[in-house]
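This report refers to the structure that appears directly beneath it.
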Amino acid sequence: MGQCQCGNSAESKEKYLAPLKTILEGYEGKQKDLIPVLQKAQDEYGYLPEEVIKEIANALNLSLSQVYGVVTFYSQFHLEPRGENIIRVCLGTACHVRGGGQVLNKIKEELGVDDGETTEDLKFTLESVACIGACGLAPVIMINDDTHGRLTPDKIPAILDKYKA
Amino acid sequence: MEQSIYRSHILVCGGTGCVSSGCKQAQDALKDELAKHDLTSEIKIVETGCHGFCEKGPIMIMYPEGVFYCELTPEDMPELVEEHILKGRTVERLLYTEPNSKKSIPSYEEIDFYKKQQRLVLGNCGHMDPESIEEYIATGGYEAIGKALTEMTPEGVIEEVKDAGLRGRGGGGFPTGLKWQFAAGAKSDKKYVICNADEGDPGAFMDRSLLEGDPHRIIEGMMIGAYATGADEGYVYVRAEYPLAIERLQKALDDAREYGLLGENIFGTDFNFDLHIKAGAGAFVCGEETALMNSIEGKRGMPRPRPPFPAEQGLWGKPSNINNVESYANVPNIIRDGAEAYKAIGTEGSKGTKVFALTGKINNTGLAEVPMGITMKEIIYDIGGGISDGNKFKAVQIGGPSGGCLPEELLDLPVDYDSLIEVGAMMGSGGLVVMDDSTCMVDVARFFLNFTQSESCGKCTPCREGTKRMLEILNRITSGEGKDGDIEMLERLAENIKSTSLCGLGQTAPNPVLSTLKYFRHEYEAHIYDEICPAGACEDMLKGYVIDEDACIGCTACARVCPVDAIEGNVKEAHVIDLDKCISCGACVSKCKFDAISQA
């Protein structure tokens with residue numbers, strides 16, 4: 001699990017968890033809202049550190065294992081820190097038959113990371129996904145919320161450059 | 001509200017496809033250009049939902065003329081405004097060019113892609129501002145729920161939907177009216193309606209398009225379903241991967257509440273109803289109805305055994321009715337125009353239209369809504385414009401990971417629920433992925449198994465272990481290590497997984513393998529016994545390419561395209577490939593006009 005970035009003093013921990021407290025307002029004991037709470041927490045912290053998960057379990061009156069079970073079930077949730085830019089390479093059917101695999105290989109080569117990994121400078125996280133529903137433009141990748149379509153491996157370096165700055 | 005009269009409207013497609021092709025930039029440039037000519041009070045820009053022709057984005061349609069411009073860039077805008085708007089002359093070079101005749105076609109309706117379509121469910125998509133409730137109402141929106149609430153009983157609504165013959169558009173094809181009847185018959189103080197918008201099938205994006213392009217239609221469909229079944233609360237479960245759909249739906253819900261279309265005493269009756277959005281968190285299995293309900297409840301999205309069915313014990317143990325986005329989108333038309341009009345379209349067992357997502361190696365990718373019973377050939381060749389790059393058709397995959405691959409012999413098959421089941425495929429959500437002779441069918445089967453295996457939730461053994469074992473065999477075959485008996489083992493595992501899995505995911509997971517074995521068995525055999533991938537797609541099996549000396553005329557096309565300079569030879573003399581250098585990329589094969597290059 002990820003390390004708390006805040007040192008160990010009670011004061012800095014409190015500061016670290018302050019945004020989470022705001023998120024949790026109004027959700028106390030509402031177990032059905034676990035998924036939206038996790039989504040909001042991840043938006044805030046970029047991933048789900050152990051301290052955050054513990055706090056959520058407490059607030060929603062769930063056991064840590066229940067929360068951990070949900071976090072690990074859904075592919076959207078992450079227990080490790082993530083890159084500043086998230087690259088999602090679509091390997092859905094349409095992208096698969098139109099060369100999505102080559103696009104993925106090119107990105108791996110450019111960034112020097114494997115599928116699911118984050119670059120050392122925390123700039124990029126590379127993931128492959130099943131389908132992002134932009135099949136008409138296959139092969140496609142998404143970087144953060146931008147979709148890039150009709151790709152070939154040679155277009156990749158220029159696209160990545162835009163996010164390196 | 002201040003209303004201006006505009007002499008012309010420019011509809012700019014703002015669907016996800018066009019957004020990624022750069023429609024925002026084009027639209028900004030258009031705005032600037034209109035301002036420059038002081039035309040902003042005369043010309044209105046309307047950002048619409050998806051036009052379906054994603055291949056050609058960004059798209060703009062000029063009204064009242066109905067001229068269709070495509071593949072636009074910001075640099076085209078000065079000319080477009082100068083010529084089309086100011087001088088009234090069509091800009092020929094920005095029109096759609098028909099791929100076969102090379103003719104440019106100005107009018108929207110005359111483009112082949114749209115000609116054979118019957119856009120009833122997608123009727124508003126691309127023709128109105130999806131964020132405007134007024135525009136939806138102006139096209140007859142919320143008339144159907146008004147009619148249902150004030151002129152019909154819940155039983156009457158159910159009868160109408162049953163009579164129309166609407167079947168579930170999400171995959172199974174279960175009669176919608178019957179489903180409603182079960183939920184209506186359940187006795188409870190609380191009932192729910194749920195819309196399944198967890199469109200997870202790779203290759204399908206019609207639900208996304210509907211939510212982005214016509215969100216009020218889904219709300220209205222759900223309201224009618226709620227009235228018929230006696231529910232007062234609803235959920236729309238949308239994939240988290242669809243942020244624009246969630247945003248537009250949220251806006252639609254807020255507007256509907258403000259107009260009193262959601263809330264209490266709707267249309268002055270005692271019908272109360274409100275809706276919530278739940279964003280998924282990335283799990284394909286949540287498209288299964290009972291898993292989806294677990295996910296709404298905040299749990300791991302694992303399916304529950306049925307019975308009890310959701311109509312008896314669904315969300316939080318209460319009777320619940322769950323339908324797919326496209327199913328709900330059909331409902332307002334049925335109630336407003338009546339079952340008779342609805343069932344005039346379609347075949348004996350499948351009524352109405354179906355939206356297909358055309359993708360893969362096809363010229364016109366996009367969304368097409370066609371009457372049930374149209375042939376696959378018409379969809380692929382007339383609407384889809386045939387196979388891209390002049391290649392040869394090999395197969396069409398229909399129904400996503402639950403469906404099957406159909407060969408050329410079945411292209412004349414009229415497409416409906418029952419005909420597809422008969423040939424070993426299924427309607428599924430309507431994704432059509434076209435494949436040409438460079439696609440390996442064993443690799444396609446492996447692709448789908450890899451998908452279902454990683455998405456299997458792990459609750460039941462046949463799906464968890466069985467798909468893993470099948471995938472291992474397919475991985476071996478596609479890496480050149482297949483052995484005698486593999487095909488038989490795949491068939492045995494497939495039958496067992498189909499008949500013993502808990503939910504639809506496992507029960508249909510073997511379909512891609514079974515259908516490719518049925519129609520493309522020779523490709524499996526070639527991999528196992530001849531150690532060759534006929535399509536040249538399985539990288540591990542490629543040993544490089546060779547040139548047939550007699551067929552080669554020495555045109556040098558192959559040598560020029562080779563990325564590693566493995567091909568040598570003089571002009572007008574037979575060329576030779578150095579197998580030590582060859583990386584089996586296949587670039588030379590696609591360039592050779594004389595069929596002189598083949599696998600070593």
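Tabulated results
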| read-out | value |
| --- | --- |
| Only listed residue being in contact with a Cys (Cβ under 7 Å, 6 or more places away or on another chain) and part of a helix (DSSP H, G or I), chosen from A:Glu44, A:Glu55, A:Glu51, A:Glu11 | A:Glu51 |
| Selection from the range A:124-159 of residues that are assigned to a helix (DSSP H, G or I) and surrounded by 18 or more Cβ atoms within 10 Å (Cβ to Cβ) | A:Cys135, A:Gly136, A:Leu137, A:Ile156 |
| Exclusive hit being touching a residue at least 12 places away in the same chain (Cβ under 8 Å) and either surrounded by fewer than 19 Cβ atoms within 10 Å (Cβ to Cβ) or within 14 Å of chain A (Cβ to nearest Cβ) (or both), set B:Thr353, B:Thr375, B:Thr290 | B:Thr375 |
| Exclusive hit being within 23 Å of A:Ile141 (Cβ to Cβ) and either away from chain A (no Cβ under 14 Å) or crowded, with 17+ Cβ neighbours inside 10 Å (or both), set B:Gly17, B:Gly49 | B:Gly17 |
| Qualifying residue in the range B:499-506 (condition: among the small types (Gly, Ala, Ser), on the phi > 0 side of the Ramachandran plot and part of a loop (DSSP other than H, G, I, E, B)) | no |
| Residue in the range A:31-40 that is farther than 17 Å from B:Lys278 by Cβ, touching a helix residue (DSSP H, G or I) at 6+ places or on another chain (Cβ under 8 Å) and more than 8 Å from chain B (Cβ to nearest Cβ) present | no |
| Residue, surrounded by the fewest Cβ atoms within 10 Å (Cβ to Cβ), within the range B:190-209, restricted to residues that are more than 9 Å from every other protein chain (Cβ to nearest Cβ) and at pLDDT below 95 | B:Met206 |
| Output for the range B:508-535, where each listed residue is in contact (Cβ under 8 Å) with a residue 60 or more places away in the chain, surrounded by fewer than 20 Cβ atoms within 10 Å (Cβ to Cβ) and more than 18 Å from B:Pro407 (Cα to Cα) | B:Ile532 |
| Residue that is without any contact (Cβ under 8 Å) to a residue 24 or more places away in the chain and under 26 Å from B:Gly400 (Cα atoms), where the choices are A:Gly101, A:Gly112, A:Gly92 | A:Gly101 |
| Breaking point among (1) at pLDDT below 90; (2) more than 21 Å from B:Met435 (Cα to Cα); (3) surrounded by 15 or more Cβ atoms within 10 Å (Cβ to Cβ), for B:Lys591 | (2) |
| The range B:249-287, residues that are away from every other protein chain (no Cβ under 14 Å) and in a helix (DSSP H, G or I) | B:Leu249, B:Lys251, B:Ala252, B:Leu253, B:Asp254, B:Asp255, B:Ala256, B:Arg257, B:Glu258, B:Ile266, B:Phe267, B:Gly268 |
| Test: residue in the range B:21-36 that is touching a residue at least 12 places away in the same chain (Cβ under 8 Å), part of a loop (DSSP other than H, G, I, E, B), within 14 Å of another protein chain (Cβ to nearest Cβ) and on the phi < 0 side of the Ramachandran plot | no |
| Condition met for B:Lys115 (at pLDDT 95 or above, more than 23 Å from B:Ala252 (Cβ to Cβ) and either buried (at least 22 other Cβ atoms within 10 Å of the Cβ) or basic (Lys, Arg) (or both)) | no |
| Per-region count, the range B:293-305, residues surrounded by fewer than 24 Cβ atoms within 10 Å (Cβ to Cβ) and more than 11 Å from chain A (Cβ to nearest Cβ) | 2 |
| Unique residue being surrounded by fewer than 23 Cβ atoms within 10 Å (Cβ to Cβ) and within 30 Å of B:Glu71 (Cβ to Cβ) when the list is B:Gly338, B:Gly386 | B:Gly386 |
| Residue in the range B:215-227 that is in contact with a Phe, Trp or Tyr (Cβ under 8 Å, 6 or more places away or on another chain) and within 14 Å of chain A (Cβ to nearest Cβ) present | no |
| Residues (over 24 Å from B:Pro534 (Cβ atoms) and surrounded by 13 or more Cβ atoms within 10 Å (Cβ to Cβ)) located in the range B:544-567 | B:Ile553, B:Gly554, B:Cys555, B:Thr556, B:Ala559 |
| Residue list for the range B:420-465, filter: surrounded by 24 or more Cβ atoms within 10 Å (Cβ to Cβ), in contact (Cβ under 8 Å) with a residue 24 or more places away in the chain, away from chain A (no Cβ under 14 Å) and outside any loop (DSSP other than H, G, I, E, B) | B:Cys463 |
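The values are calculated or read from the model by the stated rules, or taken from the named source; none is laboratory data. All values reported here derive from a predicted model rather than from experimental measurement. Backbone-built Cβ (ideal geometry, glycine too); neighbour counts: all protein chains shown.
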